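Read the figures in this text as sums done on the coordinates, not as results from a lab. Because the structure is predicted, anything quoted here is derived from the model rather than measured. All Cβ positions, glycine included, derive from the backbone under ideal geometry; neighbour counts span all protein chains shown.
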Amino acid sequence: MEGTHNQKGNFDADETCPSGRSTPIFAWTPLPQRRKLRFTEHKKDESATKELELYPNCDVNVWLRSCEEEIVEPLNGVIKGHIPPWLNGSLIRNGPGSLKAGNDEFSHLFDSSALLHRYGIKNGKVTYQCRFLQSDVYKKNWSANRIVLTEFGTRSVPDPCHTIFQRIAAVFNNEASDNAMISVYPIGDELYAFTEIPTIHRINKETLETEGKININDYLSIVNHTSHPHVLPDGTVYNLGTTIYATGPYHTIVKFPRDEKCR
């Protein structure tokens with residue numbers, strides 16, 4: 001690739017690149033864009049990129065949308081085509097919702113507030129609703145109208161009311177986020193939201209209301225677990241966690257029996 005960095009630090013693709021300099025390759029990133037990058041404005045060579053479009057019907061920018069309001073009451077969807085009359089039930093999904101807390105922006109997609117979606121299918125009709133997971137960190141962020149807890153890729157904003165000594169002490173606060181925004185899985189007849197932190201949230205399957213929180217550490221000594229457990233045909237759920245001993249880290253198999261409720 002040819003090009004140079006000008007005095008303003010911008011890269012010009014029509015000039016020669018000096019030795020030792022690197023050039024941006026990917027124009028899209030999961031991080032919220034805080035400024036417009038010049039290299040994204042270059043006109044794409046459609047003939048060169050056409051073969052690389054593996055998912056032409058998928059708009060990656062959908063991951064950068066930020067939800068501001070919940071849809072508590074189900075909305076009736078517009079049907080295109082035909083839904084078989086025997087197809088009835090609900091599809092529930094979990095993922096990134098709000099990329100902001102007040103005027104603060106999260107620096108990584110995985111830090112955004114968890115948003116639950118429900119598609120209800122009945123008698124050939126579909127409804128939609130969404131609710132934010134009422135995690136402790138979500139409540140704190142929205143109550144303070146700023147980011148109050150350091151996440152995977154986002155540092156928290158210091159409380160302006162704290163003294164310099166309180167701010168220094170806050171650096172050593174290792175409170176973990178309970179923002180379970182990765183997945184939802186059934187355990188018995190209940191539904192739970194998962195993330196890698198060993199905390200799961202019980203979700204109402206009809207209203208998406210957050211009904212409770214369970215810390216797996218109260219039962220097992222694990223520092224994390226996967227957010228995608230295995231559900232067996234009989235309903236038993238297995239997950240993989242990590243336990244730290246004096247001799248090092250070890251894998252721990254976690255079992256959720258199908259006939260026992262998580263309480």
**Item:** Length gained when the stretch residue 108-residue 93 is fully extended (0.36 nm per residue, less Cα-Cα span)
**Value:** 3.4 nm
**Item:** Rg in Å to one decimal, and Dmax rounded to a whole Å, for the range 65-256 via C-alpha atoms
**Value:** 19.0, 65
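For 92, 203, what ranking results if the residue with the fewest other Cβ atoms within 10 Å of its Cβ goes first?
Details: 92 17, 203 25.
So the residues, fewest neighbours to most, are 92, 203.
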**Message:** With θ taken as phi - 60° and the coefficients 6.51, -1.76 and 1.60, list the Karplus ³J(HN,Hα) couplings across the range 209-219 in order, rounded to whole Hz; mark glycine and proline as x.
**Reply:** 5, 7, 9, x, 9, 10, 9, 4, 5, 6, 10
**Request:** Between residue 83 and residue 246, with labels modelled 7 Å along Cα→Cβ, what's the label distance in nm to one decimal, could you check?
**Result:** 6.0
**Complete:** Between residue 104 and residues 5 or more places away or on another chain, the pairs with built amide H atoms under 5 Å apart involve 147
**For peptides 245-252, 83-90, sequence by mean Cβ density within 10 Å, most packed first** = 83-90, 245-252
**Message:** What FRET efficiency comes out for residue 143 versus residue 61 if R0 is 35 angstrom and r is the Cβ-Cβ distance? Round to the nearest 0.05.
**Reply:** 0.70
**Prompt:** If you rank 112, 107 by fewest surrounding Cβ atoms within 10 Å, what's the result?
**Reply:** 107, 112
**Request:** On each of the three principal axes of the Cα atoms of the range 87-145, give max minus min coordinate, whole Å, ordered largest first.
**Result:** 43, 21, 16
